[in-house]
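The structure under discussion appears below in the form of structure tokens.
The values are calculated or read from the model by the stated rules, or taken from the named source; none is laboratory data. For clarity, every value in this text was computed on a predicted model and none was experimentally measured. As a convention, Cβ positions derive from the backbone with ideal geometry for all residues, glycine included, and neighbour counts pool all protein chains shown. Just the protein is used for accessible areas: all its heavy atoms, side chains included, with ligands, DNA and RNA removed. Shrake-Rupley method; radii C 1.70, N 1.55, O 1.52, S 1.80 Å.
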Amino acid sequence: MKNPYSIGNNIYLRTPTKEDLNGKWHEWFSDPEITKYLADRWWPNSVEMQESFFSEINNSKTRLVLSIVDKKTDKHIGVGSLSSINWVHRYADLAVVIGDKKFRKGIYSIQAFHQLISIAFNKLNLINLRSVYVSEHQSTKTMNAIFGFEAAGSLKKFFFNGEKYVDINIEQLSKTNKLWNDNKLINWINSKN
């Protein structure tokens, strides 16, 4: 492991590196399969754009972006973020993208989601997390349900997915909702290899 910030069973989270820029990171955000449900990813990505993003996040105190890395191989497989961090009201937006297609099935995104929630509530002392997602994205809906996110609202026909306008769901997880930190859930996550 290289400079781990949070360690799980199958993955660890760390600060993005220049080596990540030399990999496939920039390609993930041009891939239509990955970007289909990402509200702000309709423009193609490039190495130069990724380098600019890399520079921005290194100086930000309102966005924590972490590389998701496979523990067995040290391979960079995705990114997770806590963005729009508001230090006064103590909330942030949560997102996980598993870019490497070999790692999209299985426990990787669930572990990354849990680790980011734990970082938000236990390391950064935030009290609320927000998840904003396209209503048709079933995997985010399922993930939010697993960890106890609750509906907070929706924006009707707000997102154009290339065929039609669809709703955006807004959900919230409070630190006081202990489902995200339930021992049964943690044991289940840790049992998956």
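Taken over segment 156-191, the residue count meeting the criterion of being out of contact with any strand residue (DSSP E or B) (no Cβ under 8 Å at 6 or more places or on another chain), assigned to a helix (DSSP H, G or I) and under 24 Å from residue 127 (Cα atoms) is 9.
Pairing residues of segment 118-133 that are farther than 15 Å from residue 64 by Cα with residues that are aromatic (Phe, Trp, Tyr) and in a strand (DSSP E or B), at Cβ distances under 6 Å and at least 6 apart in sequence or on separate chains, gives 128/91. Among the residues of segment 141-191, those identified as closer than 19 Å to residue 95 by Cβ, open to solvent by less than 30 Å² (accessible area, probe 1.4 Å) and hydrophobic (A, V, I, L, M, F, W, C) are 143, 147, 149, 159, 166, 168, 173, 180, 189.
Conditions tested, residue by residue: (1) of a type outside the set (D, E, K, R); (2) touching a Gly at 6+ places or on another chain (Cβ under 6 Å); (3) open to solvent by 90 Å² or more (accessible area, probe 1.4 Å).
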{"site": "1", "(1), (2), (3)": "yes, no, yes"}
{"site": "5", "(1), (2), (3)": "yes, no, no"}
{"site": "16", "(1), (2), (3)": "yes, no, no"}
{"site": "19", "(1), (2), (3)": "no, no, yes"}
{"site": "36", "(1), (2), (3)": "no, no, yes"}
{"site": "44", "(1), (2), (3)": "yes, no, no"}
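All of 67, 81 fail the test of being buried (at least 19 other Cβ atoms within 10 Å of the Cβ), polar (S, T, N, Q), within 21 Å of residue 4 (Cβ to Cβ) and touching a Lys or Arg at 6+ places or on another chain (Cβ under 9 Å), apart from 67. Checking each residue in segment 27-85 for being closer than 16 Å to residue 140 by Cβ, part of a loop (DSSP other than H, G, I, E, B) and hydroxyl-bearing (Ser, Thr, Tyr) picks out only 37. Residue count for segment 99-155 under the criterion of being outside any helix (DSSP H, G or I), at pLDDT 95 or above, among the hydrophobic types (A, V, I, L, M, F, W, C) and under 14 Å from the mean Cα position of the chain (by Cα): the result is 1.
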